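Following: one structure in structure tokens, then a few remarks.
Computed from the coordinates by the stated procedures, all read-outs in this text should not be read as laboratory data. Remember, it's a predicted structure, so these values are computed and weren't measured experimentally. All Cβ positions, glycine included, derive from the backbone under ideal geometry; neighbour counts span all protein chains shown.
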Amino acid sequence: MSLTAQQAAAPPVSVRPVLEGRGLTKFFSVKHGRGIFAGTARLFAVDDVSIVLAPGTVTALVGESGSGKTTVARILAKIINPDGGEVLLDGEPVSGRPRSYARQVQMVFQDPFASLNPIHRINYHLLRPLKIHGLGGDDVNEAVEDLLRRVALEPPQQFTRKFPHELSGGQRQRVAIARALSVRPRVLLADEPVSMLDVSIRLGILNLLADLRDREHLAILYVTHDIASARYLADTIAVMYAGQVVETAPSARLTDHPAHPYTQLLLSAAPDPDRVEPPNLAGSGAPPSLIAPPSGCRFHPRCPHAMAICSTTAPPSVTVDPGHAANCWLHVDPSRRVPSNPEVVAANAGSTSMRPPAAPPPIGTTQMRRTEEDRSME
Ligand SMILES: Nc1ncnc2c1ncn2[C@@H]1O[C@H](COP(=O)(O)OP(=O)(O)O)[C@@H](O)[C@H]1O
Ligand code: SF4
Ligand SMILES: [Mg+2]
């Protein structure tokens, strides 16, 4: 995979966001402890995350496994409800999940093998959403072939009658993308869309997403553990750690001048863009428990630069360059690095990380993946 592709600039401020998550927070109720000490605990999967998706732009959400990326994507898709914060479409809060929302915001899942029902032909998978949403016009078969052409499965007639098991992983992921496109969405939420594919075909899918951004002006969220592929594809990168966004910047800026020690760690572990495995951060500690996350900066137990204040007080979001923000005490003037200093709090009013966590919600239920994929179409 070549990583020398020219990066597009971050979207101009004047580009109006199509989809926005503001202060998103999500808890899960999980079993905790063993034997007679077993009980239920709340796991803080996503804590006060804000993210903006603009038309014609790819925004990457990057972080280790368990950092909350998929949960953010599922909240934005409205497959699950947040316990705090809100989702806005064209600047308006969306309540429930109206069918018009499902049409405009589509999700592509990580596993192309599981996301297509093996008993149905490709034709069925693409016809179904067209019928549900009354799309496709007079000639739905032509609409299906057109979808296959848009994801470069040509000639389309070779694919319509096939079953998913007759396709390669990359072809299946293209069908999954075609299915998402069938309802003419404005936003595509792609959750690790290449991580289960052979290295040799990953670039093709990333280029397809770039093409959809440029040709069809889609707003794309690209969720990945791989910061190298994020740099290749995305205009903007948001780095997540332990349920929180710790750094955001235009992608070239973030990867050339990482301001947060966690981003620096991710980059140091990603020297090989053709790597098959997730980044190897062995030797640098492990992500914390999200049931009892560390106080102060959640990264402090692993941070080589940790100071006393880091373990007591959450760092503010600091603008280190226009469009580039990092939540780290290193970027706060030493004279203002005072635990719970009211001046620092005031200077960073609006910073998400200094707000106390929202009150825990009632214990909820979780949903099975198959159900999510079905619901994402309806
Ligand atoms: N349905 C669920 N029930 C309980 N815990 C969950 C559920 N979904 C996610 N989690 C937990 O939330 C945290 C964040 O998960 P996830 O959003 O999948 O992270 P990522 O996509 O970055 O790997 C993890 O600790 C995960 O185990
Ligand atoms: S706030 Fe402190 S512990 Fe957290 S990343 Fe910055 S220096 Fe490291
Ligand atoms: Mg995930």
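Tabulated results
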{"item": "Prolate/oblate/rounded call for the stretch 59-127, Cα gyration tensor, a/c under 1.5 rounded", "result": "oblate"}
{"item": "Counted charge near Pro93, where neighbours are those whose Cβ lies closer than 14 Å (Asp, Glu -1; Lys, Arg +1)", "result": "-1"}
{"item": "D (Stokes-Einstein, µm²/s), Kirkwood Cα radius, the stretch 77-172, 1.002 mPa s at 20 °C", "result": "139"}
{"item": "For the stretch 1-148, the spread of Cα positions along each principal axis, largest first, Å", "result": "62, 45, 40"}
{"item": "Stretch gain in nm, segment Asp138-Ala152, where the contour uses 0.36 nm per residue and the Cα spacing is subtracted", "result": "2.7 nm"}
{"item": "Backbone HN-Hα couplings from phi across the stretch 318-333 [Karplus 6.51/-1.76/1.60, Hz, Gly and Pro as x]", "result": "10, 7, 8, 6, x, x, 10, 10, 9, 8, 7, 5, 4, 9, 9, 3"}
{"item": "Note, ³J(HN,Hα) from phi for the stretch 298-303, Karplus 6.51, -1.76, 1.60, rounded to Hz, x at Gly and Pro", "result": "5, 8, 4, x, 10, 7"}
